[in-house]
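The values are calculated or read from the model by the stated rules, or taken from the named source; none is laboratory data. Predicted, not measured: the structure shown is a model, and the values here were computed from it. Cβ: placed from backbone, ideal geometry, glycine included. Neighbour counts: every protein chain shown.
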Amino acid sequence: MNFKISIGVIFLLAITSLLPQPAVDANDTRPNVLFISIDDLNDWVGVFGGHAQVKTPNIDAFAESGAVIFQNAHCAGPVCGSSRSALLSGFMPSTTGVYGNSQNMLDSKLVQANATLPEYFSKHGYRTLSRGKIFHKHATAHGSDMGHWAFDHWEHAVGGTPVDQSKITSRNKNLIHGKPAPVSDHTSPGGTEFAWGPTSAGKEETKDYRTAQWAASQLQHQSEKPFFMAVGISRPHLPFFVPQEFIDLYDPANFKAPKIREDDLDDILVNGKHHAKHKPTPDYKWLKQNNLIDEAAMAYAAACSYADACLGVIFEGLEKSPHKDNTIVVIWGDHGWHLGEKLRYRKTTGWRVSTRVPLLVRIPHMTQGQDCPRLVNLIDIYPSLIELCGLPKKPTLDGRSFAPLLTDPTQIWNHSSLTIFGNGNASVFNERFHYMLYSDGTEEFYDLKSDPHEWSNLAKTLSPEQRNEKTQLAAIIPETFALNIKTSKNKFKKSAKNLNLKIKSQRVLEKLK
């Protein structure tokens, strides 16, 4: 152990108790915040209309009970690490240099110098608590870093998804319903295993359901302070292993995947060739060869329904709690998800199917659901919650508050949305047009009114009006992008315990400012 580092860390942690702490005010009537993340959930939710056959009754009922349903919300980055790091830090990927899953936001000096969203609430008198995936889990020397350093009370999610191996379908293992697939091409590993099938246990033993039960239980407790409770649901993230009851909600003979155009990438060429990101992926090729495209879509739908059931447990707990009339509820997916569109699966792209997210917000005393067609971004959640809860403004944040839209969802809102999908790659939306620019200069431009599926790239055939729109959208793209934060895999050689203390010491220093 490095004696000097340890003494410094111990000193910093020791003086935490000496920092000025907000006094508990029995008359503090600021609203609580229930902050629910759903991993890899796209718009396949009833109220968002992404797929007419998907069943999400609990989210739909919640929306109708008084939420604002943001129909045009997008992520800051279309992959877990960049999206969550941006939302929770308040800074875009192009500002921090956190572009992917292998990077840890805590390696950014900007993030080190600024309180994350839950820390800001804690700093201003809220009790913060969390369970499940909120921060991205980094496969680095930070060990099982899931953001436990950011909350007053953090619990590791327990439970699992024991799967019936005799029934799984897996591209990586070349299995269909537990048996070798007829076609064995395109099975090389790449990302999380692309697989689905029933768990060997009921929902009561699964991780997400137990996390939901924990949240419902916590909501029954009285609190001396207002609380900020963050709850993370991990499905429908791959693999799509869910209890049989959710698979049984769907008829495999009738469930259909989104319409796919095999020529969809032919209008996006660089020097007459397909861009590296514009080729059919191994997931798509294997599923197509084995005639599994519809079944894979149904598996995703079942995982969405399972996540919805978990949210139902939380909603019921809130309704039975003493906090039901004084709690802001925010439900968000971290990015979209391809299910065959653009001849690919998963995320990480700048297309609308990868950037659009479900976002619902309900504030106290709202009693009727309302659609909001205005453009917002997950980067806007941090400043919005600050305003809604009466916390001091933090002008350095990249986002803007969408609080005005909660009282008038259709008011004039002349703002665009920016998504960064890798260093130098940007995707910009206004309410009708979508412009994409890649680091190598490749461009795409879509008219979402006439082409909502983004099948026709107009970048080389723009009308004068469209050229003007492109110029305005291009002006929103940052002139410079922060350098990639180096991955932390081999950066630190200290034990996980010592490193966690180091992280805590960084946050103590921030509180001293």
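A few comments on the model shown:
For every residue, the table says whether it meets (1) among the hydroxyl-bearing types (Ser, Thr, Tyr); (2) farther than 27 Å from Asp294 by Cα; (3) more than 19 Å from the chain's Cα centre (by Cα); (4) surrounded by 15 or more Cβ atoms within 10 Å (Cβ to Cβ).
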residue	(1), (2), (3), (4)
Thr29	yes, yes, yes, no
Asn32	no, yes, yes, yes
Asn42	no, no, no, yes
Gly49	no, no, no, no
Ala52	no, no, yes, no
Lys55	no, no, yes, yes
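- Hey, Arg507 modelled with pLDDT of 95 or more and among the basic types (Lys, Arg) or not: no
- Contact annotation: no residue pair with Cβ atoms under 7 Å, 6 or more positions apart or on different chains, pairs a residue in region 282-305 that is more than 15 Å from Pro252 (Cβ to Cβ) and without any contact (Cβ under 8 Å) to a residue 12 or more places away in the chain with a partner that is of a type in the set (Gly, Ala, Ser) and buried (at least 24 other Cβ atoms within 10 Å of the Cβ).
- Some residue of region 232-251 being within 26 Å of Gly369 (Cα to Cα), in a helix (DSSP H, G or I) and touching a strand residue (DSSP E or B) at 6+ places or on another chain (Cβ under 6 Å): no
For (1) surrounded by fewer than 20 Cβ atoms within 10 Å (Cβ to Cβ); (2) touching a strand residue (DSSP E or B) at 6+ places or on another chain (Cβ under 7 Å); (3) farther than 29 Å from Glu64 by Cα, each residue gets a yes or a no:
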{"position": "Arg362", "(1), (2), (3)": "no, yes, no"}
{"position": "Lys393", "(1), (2), (3)": "yes, no, yes"}
{"position": "Thr407", "(1), (2), (3)": "yes, no, no"}
{"position": "Met436", "(1), (2), (3)": "no, yes, yes"}
{"position": "Glu465", "(1), (2), (3)": "yes, no, yes"}
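- Conditions (1) among the hydrophobic types (A, V, I, L, M, F, W, C); (2) more than 22 Å from Ala302 (Cα to Cα); (3) in contact with a helix residue (DSSP H, G or I) (Cβ under 6 Å, 6 or more places away or on another chain); number of the one not met by Leu343: (2)
- Matching entry among Asn425, Asn430, Asn414 (being buried (at least 19 other Cβ atoms within 10 Å of the Cβ) and polar (S, T, N, Q)): Asn425
- Residue ranges of strands (runs of 3 or more DSSP E) in region 41-159 with at least 2 members at pLDDT below 95: 153-155
- Filtered residues of region 397-419 (kept if touching a Gly at 6+ places or on another chain (Cβ under 8 Å) and of a type in the set (Ser, Thr, Tyr)): Thr419
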